[in-house]
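Novice: The structure under discussion is supplied below as structure tokens; questions concerning it will follow.
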Amino acid sequence: MKYIFITGGVVSSLGKGLTAGSLGALLECRGLRVCMQKFDPYLNIDPGTMNPSQHGEVYVLQDGTETDLDLGHYERFTTSVLSKRNTLTSGQIYESVLQKERNGDYLGKTVQVIPHVTNEIKERIYAAGEDADVVITEIGGTTGDIEGLPFLEALRQLALESDYKNVLFIHVTLIPFLRAAGELKTKPTQQSVAKLREIGIQPDIIVCRTEIPISDDMRQKISLFCNVPVKSVIEELDLKISIYELPSLLHSEKLDDIVCQKLDMEAGECIIQPWENVVEKIKFPQRECTVGLVAKYLDVKDAYKSVYEAIAHSGIRNDCKVNVEVIDAEELEQTESISEFFKDIDGILLPGGFGNRGIEGKILAAKFAREHGIPYFGLCLGMQIAAIEFARNVLMYADANSTEMVPETSHPVIRMMFDQRNITKKGGTMRLGSYPCKLVPGTKTYEAYGSAYVNERHRHRYEFNNEYREIFEAKGMIATGTNPDLNLVEILELRQHPWFIGVQFHPEFQSKPQQAHPLFSSFIAAVLRYQAGR
Ligand code: GLN
């Protein structure tokens, strides 16, 4: 087994996850089987309980593991379907070590960071890539962080154990451009590499994030000070158009060649064409449209990362550039003229969410879409909102609501699932992960998927209340997808509407640039039809 470790230097938010994912993509293009892994040094067990405005979206894996959004990049860039084995936090390590200590597994020994914590980390790396040729592990955080030290120490030990043969270290770093001086600066990189060497890690490859191209002199300098060959100084320019340019960009810097050589891996020619096709489509769209994203996190794209990506994928699929206009749900609550907000909008998308803030505004957006024949796509909370709006304004249940918002509502069209009612703990206790869904033929939902059964990923506590199903269907809102085992409503579709669909799951987690999710792609097709007919 070969191991690639990716660390980050100088600043956070360098796009290490994208670099790791793109390297995974390149190695797959060369016929290798890749296993992707992310280690996060924070003490939370998982990001499930963290605020998305701080940490970005919580990405959900097929097995229900709640993870960092980088795992989403890995699944979009590679063919891997990840599980809880592909993600690890310090919180999980300490939880496991302390459990073993309580069980007496350490036979009276003093329990220490070295070797007990580091062994735990190494075990997770060794256990990862059963069916793979190479494991790529990204370490979250930045070199020099105190909390990252046990991870780096474990990597150093692992390199030693493998006799330095099957292990490769890639350090992703920033080369800042000082506008006043008009030059790029390598010092922060030198210092961050020095920090790594201090703990016994010599990077093999330096990936330099930079706004402007780095000169040959600059490459020589980085090579000399960081102790890597010049050809292993890789330039990673800021991406202008799309993140999906990255595999081609890194390929042109020969990153995959260098990695394969250094790890002595036999690999095929790099078949990069599919990625180039993706970029080509993004660069030269046939048309343009605008989707309104009615949201409560306004300035943090990362909070809805997979939604943005799925929209982009369906743009690629429909040969069109989809602009996303974020509409503040709370502002909708206060406005006199809601149509002003939607005057340049060709479709309305309501993403998932929790809690009361902005709910009434979201309900107004769903009403506007329903009444004006504007394509509407509701994800998770977005489906629940569609149901509440329909109950209030079509069935005339004025106080209809979800019991999440108003527990004592007299029309709880959305209510907590039975098995959720006695749960008091927050972490990992929702309905999580992949569940089957059976579709009703002859509906737009069925037509979009083109199959009778699908599997989709969930993350919610509340569900459509089946007591209302009959009256909803009689008045035109049909359950077009249900869980065959639990008889839960998973998809609602408005019959008399060009395209109005809400799903209780998160289809965005299964969309890929080369394979847009069928519902997203059908939504964007409807958006284009609506735009043409306006
Ligand atoms: N808050 C809602 C629930 O828990 C919706 C969750 C979501 O959108 N992910 O059911």
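Novice: Using a 1.4 Å probe on the protein chains only, how many percent of the accessible area of the chain belongs to carbon and sulfur?
Specialist: In the chain, the share of accessible area belonging to carbon and sulfur is 49 percent.
Novice: I've got another one for you. Work through the residues other than Val413 whose Cβ is under 12 Å from its Cβ and net out their charges, Lys, Arg +1 and Asp, Glu -1.
Specialist: -2
Novice: Then there is this: If I model a spin label at Glu95 and Glu340 as a point 7 Å from the Cα along the Cα→Cβ vector, what separation in nanometres do I get?
Specialist: With each label point 7 Å from Cα toward Cβ, the separation is 4.8 nm.
Novice: By how many nm would the segment from Ala474 to Ser410 lengthen if fully extended, with 0.36 nm per residue of separation less the alpha-carbon distance?
Specialist: 21.0 nm
Novice: Shape of the stretch 152-243 from its Cα gyration tensor (a ≥ b ≥ c, root eigenvalues): rounded if a/c is under 1.5, otherwise prolate when a/b > b/c, or oblate?
Specialist: On the way: a/c = 2.26, a/b = 1.86, b/c = 1.21.
Here the stretch 152-243 falls in the prolate category.
Novice: Set the Förster radius R0 to 22 Å, insert the Cβ-Cβ distance between Asn393 and Asp419 as r into 1/(1 + (r/R0)^6), and round the FRET efficiency to 0.05.
Specialist: Values: r = 31 Å, r/R0 = 1.42.
Computed FRET efficiency for Asn393 and Asp419: 0.10.
Novice: Here's something else I'd like to know. Modelled label-to-label distance, Leu178 and Glu130, 7 Å Cα→beta-carbon offset: nm?
Specialist: Label at Leu178, label at Glu130, 5.3 nm between them.
Novice: Let me ask another. R0 = 60 Å: FRET efficiency of Arg197 with Phe284, Cβ-based, nearest 0.05?
Specialist: The calculated FRET efficiency here is 0.85.
Novice: Mind checking which aspartates and glutamates have their Cα closer than 16 Å to the Cα of Lys362? Skip sequence neighbours fewer than 8 apart in that chain.
Specialist: Glu325, Asp328, Glu330, Glu331, Glu333, Glu336, Glu340, Glu371, Glu389, Asp399, Glu404
Novice: Calculate, in whole percent, how much of the Cα-Cα pair population of the stretch 18-90 lies beyond 15 Å.
Specialist: Of all Cα-Cα pairs in the stretch 18-90, 52 percent lie more than 15 Å apart.
Novice: How big is the C-alpha Rg of the stretch 37-143 next to the rule-of-thumb value 2.2 N^0.38 Å, as a ratio? Before the final figure, lay out each step's value.
Specialist: Details: Rg = 14.8 Å, N = 107, 2.2 N^0.38 = 13.0 Å.
That ratio works out to 1.14.
Novice: Taking N as the number of residues in the chain, what is its alpha-carbon radius of gyration divided by 2.2 N^0.38 Å? Could you put the intermediate results ahead of the total?
Specialist: Details: Rg = 24.8 Å, N = 534, 2.2 N^0.38 = 23.9 Å.
Cα Rg divided by the expected 2.2 N^0.38 Å: 1.04.
Novice: Then there is this: Return the ratio Rg/(2.2 N^0.38 Å) for the stretch 495-534, where Rg is computed over Cα atoms only.
Specialist: Rg over 2.2 N^0.38 Å, computed on Cα atoms: 1.30.
Novice: Just the accessible area per residue of the chain, please: how many Å² with a 1.4 Å probe?
Specialist: 43
Novice: Find how many whole Å separate the alpha carbon centroid of the stretch 121-165 from the alpha carbon centroid of the stretch 351-390.
Specialist: About 44 Å separates the Cα centre of the stretch 351-390 from the one of the stretch 121-165.
Novice: Still on this structure, please answer the following. If a/c stays under 1.5 just call it rounded; otherwise compare a/b with b/c (prolate if a/b is bigger, oblate if not). Do that for the stretch 421-461, with a ≥ b ≥ c from the square roots of the Cα gyration tensor eigenvalues.
Specialist: prolate
Novice: Turning to a different aspect of this structure: Multiply the residue separation of Glu276 and Ser12 by 0.36 nm, subtract the distance between their alpha-carbon atoms, and state the gained length in nm to one decimal.
Specialist: Values: separation 264, 0.36 × 264 = 95.04 nm, distance 2.83 nm.
So the extension gain works out to 92.2 nm.
Novice: Still on this structure: For helix 90-103, what angle does its Cα long axis make with the longest principal axis of the chain, in degrees from 0 to 90 and rounded to 10?
Specialist: The angle comes out near 80 degrees.
Novice: Computed from the mean reciprocal separation of all distinct C-alpha pairs, what Kirkwood hydrodynamic radius does the stretch 376-488 have, in Å?
Specialist: In the stretch 376-488 this quantity evaluates to 15.0 Å.
Novice: Please compute the net charge surrounding Ala400, taking Lys and Arg as +1 and Asp and Glu as -1 over other residues with Cβ under 11 Å from its Cβ.
Specialist: In short, -1.
Novice: How tilted is helix 381-393 with respect to the longest principal axis of the chain? Cα atoms for both, answer in degrees (0 to 90, nearest 10).
Specialist: Computed tilt is about 10 degrees.
Novice: Taking Rh as the Kirkwood radius, which is the inverse of the mean 1/r over Cα pairs, what is the Rg/Rh value for the stretch 212-291?
Specialist: Here Rg/Rh amounts to 1.09.
Novice: May I ask you to give the average projected area over all directions of the convex hull of the Cα atoms of the stretch 299-362, in nm² rounded to one decimal?
Specialist: Averaged projected hull area, Cα only: 4.9 nm².
Novice: What FRET efficiency comes out for Ile114 versus Tyr453 if R0 is 56 angstrom and r is the Cβ-Cβ distance? Round to the nearest 0.05.
Specialist: Numbers: r = 50 Å, r/R0 = 0.89.
About 0.65, to the nearest 0.05.
Novice: Any chance you could get the radius of gyration and Dmax over the Cα atoms of the stretch 187-339, in Å?
Specialist: Rg, Dmax (Cα atoms, Å): 21.2, 66.
Novice: Quick one: order Glu404, Glu138, Glu280 from most to least accessible surface, probe 1.4 Å. List each step's numbers first, then the result.
Specialist: Values: Glu404 45, Glu138 5, Glu280 100 Å².
Ranked from most to least accessible, the order is Glu280, Glu404, Glu138.
Novice: Past 23 Å, Cα to Cα: identify those pairs from Lys301/Lys321; Lys16/Lys321; Lys84/Lys240; Lys122/Lys187; Lys296/Lys367, in the order given.
Specialist: Details: Lys301/Lys321 17 Å; Lys16/Lys321 26 Å; Lys84/Lys240 33 Å; Lys122/Lys187 32 Å; Lys296/Lys367 18 Å.
Pairs exceeding the cut-off: Lys16/Lys321; Lys84/Lys240; Lys122/Lys187.
Novice: Further question on the same structure: Can you list the residues, at least 5 places off or on another chain, whose amide H is less than 5 Å from the amide H of Gly200, using H built in the peptide plane?
Specialist: Under 5 Å from the amide H of Gly200: no residue qualifies.
Novice: Mind computing the radius of gyration and Dmax over the alpha-carbon atoms of the stretch 346-434? Å is fine for both.
Specialist: 13.9, 42
Novice: Calculated from DSSP H runs of 4 or more alone, at -39500 (n - 2.57) each and per residue, what is the 222 nm mean residue ellipticity of the chain, nearest 500?
Specialist: Taking each H run of at least 4 residues, the total per residue is -10500 deg cm²/dmol.
Novice: Let me ask another. For a label point 7 Å from the Cα of Leu298 along Cα→C-beta, name the residues of the stretch 326-355 whose backbone N is under 13 Å from it.
Specialist: Residues passing the 13 Å test: 326-335.
The values are calculated or read from the model by the stated rules, or taken from the named source; none is laboratory data. All of these numbers come straight from a predicted model, not from anything done at the bench. In this analysis, Cβ positions are derived from the backbone assuming ideal geometry, glycine residues included, and neighbour counts consider all displayed protein chains. Quick note on the areas: whole protein, heavy atoms, side chains included, nothing else; ligands and nucleic acids left out. Shrake-Rupley method; radii C 1.70, N 1.55, O 1.52, S 1.80 Å.
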